[in-house]
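Report on the structure given below.
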Amino acid sequence: MSAQARPGAWQIGAWTADPSTDTLTRGSEKVKIEPRMMRLLLCLAEAQGEVLSQDRLLADVWPGVIVGPASVYQSISQLRRVLGDTSTPPAYIETVARKGYRLIAPLRPPGAAGLLAQPAAAAAVAAAAVAPAAQAAHRRRLAWLSAAITVAALGVALALWLLWGGGRVIASPSIAVLPLVDMTAGKTEQPFCDGVSEELSNWLAQIPTLRVVARSSAFAFRDKATDVRAIGSALGTTHVLEGSLRRAGDHLRVNIQLVATSDAPVADALQVQERVARAVADNLELRLTDAANANLAERRSANAHAYSLYLVARHHAQQRTKEDNQRAIELYQQALAADADFALAQVYLAYAYLNQRYFDDRPINDIARQAEPLLAQAARSAPRLADLYVVRGALETELLHKDAALRDLSYASTLNPNSRDAAAELGFYYLVMGIPRQALRYYSHAAELDPLDYNLHAQRCIALADLADFGPGAAACERARALDPAAAWAYSASGAFEESRGRIAAALQWNAAALQRSSDLQELYAERARWLLHLGLTERARATYEAAVAAGDGANANESLTWVGLITLYARDGAQGMHAWIDSSGLKLTERPALLFALAEAELLAGDARAARSFSDRALAAKDLQPDELASPWLARLGYSYLLIAAAAEQASGDGAAATTKLETLSTLLQRLTDAGMRRHGVSALQAQVAALRGDPDGAMRALERAVNQGWREVWLAQRTPYFASLRGRADFRALLSRVQADNDAESKQLGAEAPVPPRT
């Protein structure tokens, strides 16, 4: 059936307007518009050429809603863009100065025989398209929108405060779900309330035309007596949803803003999120598409107990600590014991396993063996669940399955454009792959969806450091620290940012602040020791390493820390002392590629080419080493490369052909990073080392000069590793290192005689 033949369709110029589907059709072109925009168009059409004032349009199109003239102006502008009416003079909608707007295009009302070339007398607005006009006074005060929701014996009242933020009008509807307040005696149900609140946000996010502020930002207003208008202004939303929950035995009492509550069985918690989501859509005049309905269906569990366990698990997962992550794992497992087919629990149990990579230094291949079967089960039962593709894409990113990761994360974003997690994981994907412009784009989008999540601003800071965009980068790190002054990662990111521009003293100060806030000390101490090595402060770097060992799980718990231990031991005790420790620690027996490459580089530093080649060959043959890990953009941006270590070991042992192949591969990677906008000194330093090993000393000096200008400070290593051996006889090389050492000495003076920073007690 053609659009022209449908009952109720208007012919307006070249367009057919169908209010039953809110679509505009012109030939093969079909455009979906918001219901209120369709109402505005029909209001103008049924006036048949009469000039309609702003007050008339406000009364007819926005009845009972407090908005101002800017809403009319903005909506008319949007309608003109959709109609293609952007030329002068207009062809569809004319502005009549100081009076209003009128439709000037030829039109044919439903059922009419032909076009009306000159619409004349005004007609009454169709009741099906436009609601009755509200009192003008109602447009000048705040209004509550409410809808009754009945779920079996449960009556849940929904009231939305439509915000008028100091005259600022937000064209598209958006909402923030504040954490439900625990009204239970003893306040024992807050984790459950938090889970319900988060999952309600997730249900609302399935509505494609509604922007939903993510959990972290909405929850920032917990326990704060903040006016909802201020909350809406801070979060950039048009609506705020708030309420409370009380458990009494096996019943829940739910109150969603203002309207009285009633009791219901706990089992009805399964349906609260969906019914509220549907009520919000109705109140905001948003259509739930077939796809949105399918997405809602895949979030359900048939078991009330399983769903309750899942909601509490989500609360723990969002705390972002090792202990809470472990508790979330236990609760997800219990939820699956109650409902083995509960896709959301399968997906987020896999995500919690993935978090163990950082909380527990767990090998990614071990994690994959547990996570992949869970995700496969979820894919069979809930193939349109956006969360599934977010988590699977995150796992594939860690496994360096680049194509699969990008495919899944992009599909997740398509299924749910509101997904903060999809945007954030895409940001991380591009960060890991060394494409900082795209990383910044997606992290910025995630921050729009979740503006008060410190982590997203910290990640933006890292992407901006990769781009050497230091002004906005410093602001992003400052924002992260301000949003969560207790978050260690905000300070660690600030330290990494300062190191990226060569400010080592400032980097160490932020590192100290991170150490005071974190129980995850190994990586922070390793970071600190590396930066002290940049300055040539080998004794202090060694003391930091020993403090890390005393505070953590031993010398071999962290590959980066082990590398520091090897290098600083060589600096203190020479090759003999280093070899004695390698023998006594059992490091020789490791099969971990990262540790084997660390050993190979230490042997290169000590001048033992045979041992370096042995460790490098073992690393290259290790079953856990993947090709994309060998040529890692993530490590290269920091000036570290397994390819460089392997090539130097091969060259030192007389295998020039093998070394040349690896250096060519590394050179191609570094050029790709540069073309993608990467401006870190680590990349330029690697380009200098590659050129020096390939016998291009002039090219090496140009790249090293560039690295120095970008903030490179690693003089102590440059004077000792074999990478720059061919340059050490050059006067310009020695002069450049002397210049950097002078800067390092000035940085060292800023540090004073501080001892290694102790962990927080």
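The values are calculated or read from the model by the stated rules, or taken from the named source; none is laboratory data. Everything quoted here is computed from the prediction, not taken from an experiment. Virtual Cβ from ideal backbone geometry, glycine too; neighbours counted across all protein chains shown.
Within the range 379-411, if we keep just the residues that are polar (S, T, N, Q) and surrounded by fewer than 16 Cβ atoms within 10 Å (Cβ to Cβ), the residue that is farthest from the chain's Cα centre (by Cα) turns out to be Ser381.
Residues that are in a helix (DSSP H, G or I) and in contact with a Lys or Arg (Cβ under 9 Å, 6 or more places away or on another chain) were ranked within the range 27-53; the one that is nearest to Lys99 (Cα to Cα) is Leu44. The set of residues in the range 407-436 being within 19 Å of Ser632 (Cβ to Cβ) and among the charged types (D, E, K, R) consists of Glu425 alone. How many residues does the range 426-437 contain that are surrounded by fewer than 24 Cβ atoms within 10 Å (Cβ to Cβ) and more than 21 Å from Pro627 (Cα to Cα)? Total satisfying the criteria: 1. Here Asp628, Asp675, Asp617 are screened, and the one residue that is touching a Leu at 6+ places or on another chain (Cβ under 6 Å) and acidic (Asp, Glu) is Asp628.
Does Leu440 count as crowded, with 19+ Cβ neighbours inside 10 Å, over 22 Å from His681 (Cα atoms) and touching a helix residue (DSSP H, G or I) at 6+ places or on another chain (Cβ under 9 Å)? So Leu440 does not fit the description; no. Can you work out which of the residues in the range 604-644 that are of a type in the set (D, E, K, R) and closer than 25 Å to Glu398 by Cα is modelled with the lowest pLDDT? Across the range 604-644, the extreme among qualifying residues is Asp628.
Residue count for the range 78-103 satisfying the condition of being surrounded by 14 or more Cβ atoms within 10 Å (Cβ to Cβ) and at pLDDT below 80: 1.
Residues in the range 475-515 that are closer than 15 Å to Ala548 by Cβ and touching a residue at least 60 places away in the same chain (Cβ under 8 Å): Leu508, Asn511, Ala512, Leu515. Exactly one residue out of Ala505, Ala541, Ala594, Ala529 is within 33 Å of the chain's Cα centre (by Cα), closer than 30 Å to Ala652 by Cα and not assigned by TED's automatic domain parsing to the domain that holds Gln719: that is Ala529.
All conditions but one from (1) at pLDDT below 95; (2) out of contact with any Gly (no Cβ under 9 Å at 6 or more places or on another chain) apply to Ala742; the one that does not is (1). Testing Trp10 on (1) over 28 Å from His239 (Cβ atoms); (2) at pLDDT below 90; (3) out of contact with any helix residue (DSSP H, G or I) (no Cβ under 6 Å at 6 or more places or on another chain), one condition comes back false. Which one is that? So the condition that Trp10 fails would be (3).
In the range 670-682, which residues are assigned to a helix (DSSP H, G or I) and in contact (Cβ under 8 Å) with a residue 40 or more places away in the chain? Can you show your working first?
Initially, the range 670-682 is screened for residues assigned to a helix (DSSP H, G or I), giving 670-675, 681-682.
Within the range 670-682, Arg672, Leu673, His681, Gly682 meet the criteria.
When the range 443-470 is filtered for residues that are of a type outside the set (A, V, I, L, M, F, W, C) and touching a helix residue (DSSP H, G or I) at 6+ places or on another chain (Cβ under 8 Å), the ones remaining, listed by number, are Tyr443, Ser444, His445, Asp450, Pro451, Asp453, Tyr454, Asn455, His457, Gln459, Arg460, Asp466.
Of all the residues in the range 18-30, those that are on the phi < 0 side of the Ramachandran plot and either polar (S, T, N, Q) or out of contact with any helix residue (DSSP H, G or I) (no Cβ under 6 Å at 6 or more places or on another chain) (or both) number 9.
Kindly indicate which of Ser494, Ser560 is more than 21 Å from the chain's Cα centre (by Cα) and among the polar types (S, T, N, Q).
Values: Ser494 fails: more than 21 Å from the chain's Cα centre (by Cα).
Among Ser494, Ser560, only Ser560 is more than 21 Å from the chain's Cα centre (by Cα) and among the polar types (S, T, N, Q).
With respect to the conditions (1) more than 26 Å from Met433 (Cβ to Cβ); (2) without any contact (Cβ under 8 Å) to a residue 24 or more places away in the chain; (3) crowded, with 17+ Cβ neighbours inside 10 Å; (4) of a type outside the set (Lys, Arg), Asp698 lacks only one, and its number is (3). Could you please give the count of residues in the range 364-373 that are in contact with a helix residue (DSSP H, G or I) (Cβ under 6 Å, 6 or more places away or on another chain) and surrounded by fewer than 23 Cβ atoms within 10 Å (Cβ to Cβ)? Residues that pass the stated criteria total 3.
On the basis of being closer than 24 Å to Glu629 by Cβ, out of contact with any helix residue (DSSP H, G or I) (no Cβ under 7 Å at 6 or more places or on another chain) and of a type outside the set (Phe, Trp, Tyr), does Asp408 make the cut? Break it down stepwise before answering.
Working: closer than 24 Å to Glu629 by Cβ: yes; out of contact with any helix residue (DSSP H, G or I) (no Cβ under 7 Å at 6 or more places or on another chain): no; of a type outside the set (Phe, Trp, Tyr): yes.
Criteria not met by Asp408.
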